[in-house]
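Got a structure here, written out as structure tokens. Questions coming.
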Amino acid sequence: MADGRLQAERDGTALRLRLTGDWTLTHAAALLSRLGGLATAGLASEHVTGGGQRRAVLDTTGLGRLDTAGAILLVRLYRQVADQGFEIDWPQARREHRALFDYVGGAGEAITVWPPSGSGLIGMIEYLGWLTMFFVREARRFTAFIGQVTETAMLTALRPGRMRFTSMVHHMEETGLKALPIVGLLSFLIGMVMAYQGASQLQKFGAEIFVVDLIGISVLRELGVLLTAILIAGRSGSAFTAQIGTMKVNEEIAAMRTLGLDPVVVLVLPRMFALMLTLPVLTFFADVMGLCGGALMAWNTLGIDPYLFFSRLQEVIVPRTFIVGMVKAPVFAALIALVGCYEGLRVKRDAESVGRLTTRSVVQSIFLVILFDALFSIMFNILKV
Amino acid sequence: MAERERVITVRGLTNRFGEHTVHENLDLDVWRGEVLGVVGGSGSGKSVLLRTIIGLNQAVSGSIDLLGTDMIDGDPDALRAVRQRFGVLFQDGALFSSLTVAQNIQVPLKEFYDLPQDLLDEIAAAKVHMVGLPADAADKYPAELSGGMRKRAGLARALALDPEVVFFDEPTAGLDPIGAAAFDQLVRDLQQALGLTVFMVTHDLDSLYAICDRIAVLAEKKVLVTGSIETMLQEKHPWVMEYFHGPRARAAAITAAMDKR
């Protein structure tokens, strides 16, 4: 493969542009620097001041291969010279060269490859505005979705035959039973950590026994349910989004609709009810394991034996503490399931959006769980529970 | 056409998946500058043959020579080099969904060459124009395009490096008759303007009549017969008879005859 070259020379009164070698991608970078360095404009005016006429001849008899990149450079050269008011002749153009030249010459201007975006302060403000509108729109859509699901749930309650119980039991197994080991282990460890940290502080006041109050209240009221909800959001919320999203990519959701099946009934309700039933159970399990972890650590570091631990627990913990923790579980479950299904249904027909929306689903559901936990705290505080 | 140059040479190819033999001792030649249509029933291994030739599928035995490169035992450098000399259009375009059409076209350019962005953009614009897409399609994402446009965009990416050979896997599947005819015409035009060699797996009888110089019929684990459409019509093998004399084939033949007039 010969290097692509361009030579300019005087031929009578005309300017002869001789193209030789291969004008291909491989040589494009080298040619480009020469084409710029050639300063066609200067060359052309020099030719005119030297007594030449405004006529140019393209000589491509020595030209080997020409590809799109080469043709683009040729078009550029052609236009540069033509802009100088030159008349250009191209005798003996090979058919394939000419065809490619015409193809490329007919193309529009170079297109923007990156979508235009503002820069600096204006760009930031634009982005902020876009983001705000995005959140507003998203909140509206999500609220509408909650409404739709609630309505469908009500209608299904009137006709329980429509409810997919098999699917629900399947999801209870997936989201509940199979999550037991990890939920139990994590709660046990958190109970131990709480006891250990609490003990080292309380020992300074000689108030070791209060470690029971500390663990009892924090685990039963907050940690048990919050930890379980966050874990399930990461474990099951993401699975919901990915499952439904993949079905959306395959157009299974569309097929479902045309068969007269409501995706909310078939996909959303079983998942939501399954999670609303299993999350309280998981929370209860987490509570028990957290207390056990705490009791073990209290025995180990403070010498509070389990008998003492649990009798003290019975004295100080009123049932209300336990109930306050438990009532949050179904609410968190509904949030996680709704966000997971909602994001899944928003998947577009490309693989990338499945991943993006799965991430978003987990972040959103964890955010909402913590937000609602805070709202519960405020509410209980006002109600003096 | 005295001295024809072989672009693809397949000899004694055998492909097997588990117990199931797809190809056995298959031979095939493709000559420079021709449009070869590969037909065969579902499951006869048309796509497998295409994938084996371009090196996506490892054959059990046999030899494949594509543009002078051994595609089965060739060394990695040679394989990398030959990849710049052929392009593939997969069924639904197989565009990268996170990139715009122009970026898709520039992926191979950026991989193999170091060029300034303005030239890259100009090349992308030229390719978009070449495949008959409107200029504003260039900065759209694949999800925003229709099926026919995605195919054209896929073709633009396949042509990014100005290949000598282009492989098509059912290019007109899923297109409406008008879109399919337009795509056939586009393939023919580009093939003639750029001097391409085209290897096309297809089911579309209209495409066979309209643009294929030669047809290869895949059946009974090998290439049963090759030749022009006239050869096919004379062939006595029952499958070929049924294929080229069925009701759809007759309709396609009538259309083709009317086009010629």
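Can you pull out the strands (runs of 3 or more DSSP E) entirely within the range B:1-99 that have at least 3 residues that are modelled with pLDDT of 80 or more and more than 20 Å from B:Thr172 (Cβ to Cβ)?
B:6-17, B:20-31, B:61-66
Being facing chain A (nearest Cβ under 9 Å) and within 25 Å of B:Ala173 (Cβ to Cβ) is the filter; apply it to the range B:106-128 and report the residue that is surrounded by the fewest Cβ atoms within 10 Å (Cβ to Cβ).
This residue is B:Val128.
Scan the range B:165-187 for residues that are among the charged types (D, E, K, R) and under 12 Å from the mean Cα position of the chain (by Cα) and jot them down.
B:Asp169, B:Glu170, B:Asp184
Can you tell me which residue within the range B:192-210, out of those that are touching an Asp or Glu at 6+ places or on another chain (Cβ under 8 Å) and modelled with pLDDT of 85 or more, is surrounded by the most Cβ atoms within 10 Å (Cβ to Cβ)?
B:Val201
Something else: All but one of (1) at pLDDT 85 or above; (2) surrounded by fewer than 23 Cβ atoms within 10 Å (Cβ to Cβ); (3) more than 21 Å from A:Ile72 (Cα to Cα) hold for B:Pro163; state the number of the condition that does not hold.
(3)
Only one residue in A:Val136, A:Val193, A:Val169 is β-branched (Val, Ile, Thr), touching a Pro at 6+ places or on another chain (Cβ under 9 Å) and surrounded by fewer than 17 Cβ atoms within 10 Å (Cβ to Cβ), so which one is that?
A:Val169
Find the residue count for the range B:105-124, including only residues that are in contact with a helix residue (DSSP H, G or I) (Cβ under 8 Å, 6 or more places away or on another chain) and farther than 27 Å from A:Ser353 by Cα.
Of the residues in the range B:105-124, 9 are in contact with a helix residue (DSSP H, G or I) (Cβ under 8 Å, 6 or more places away or on another chain) and farther than 27 Å from A:Ser353 by Cα.
Here is a further query. Test B:Arg157 against the stated conditions and say whether it is among the charged types (D, E, K, R), within 19 Å of B:Ser97 (Cα to Cα), surrounded by fewer than 23 Cβ atoms within 10 Å (Cβ to Cβ) and under 16 Å from the mean Cα position of the chain (by Cα).
The answer is no for B:Arg157.
Those residues that are in a loop (DSSP other than H, G, I, E, B) and touching a residue at least 12 places away in the same chain (Cβ under 8 Å), I need them from the range B:212-234; list them, please.
Correct list: B:Cys212, B:Asp213, B:Lys221, B:Ser228.
Looking only at the range B:132-175, which residues are in a loop (DSSP other than H, G, I, E, B), under 22 Å from B:Ala193 (Cβ atoms), facing chain A (nearest Cβ under 10 Å) and not acidic (Asp, Glu)?
B:Pro134, B:Ala138, B:Leu159, B:Ala160, B:Leu161, B:Pro163, listed by residue number.
Still on this structure, please answer the following. Of the residues A:Leu220, A:Leu259, A:Leu189, only one is within 23 Å of A:Arg346 (Cβ to Cβ) and over 30 Å from the mean Cα position of the chain (by Cα); which?
A:Leu259
The values are calculated or read from the model by the stated rules, or taken from the named source; none is laboratory data. Everything numeric here is computed off the predicted structure, so don't read it as measured data. When we count neighbours, we look across all protein chains shown, and the Cβ atoms used for this are built from the backbone with ideal geometry, even at glycine.
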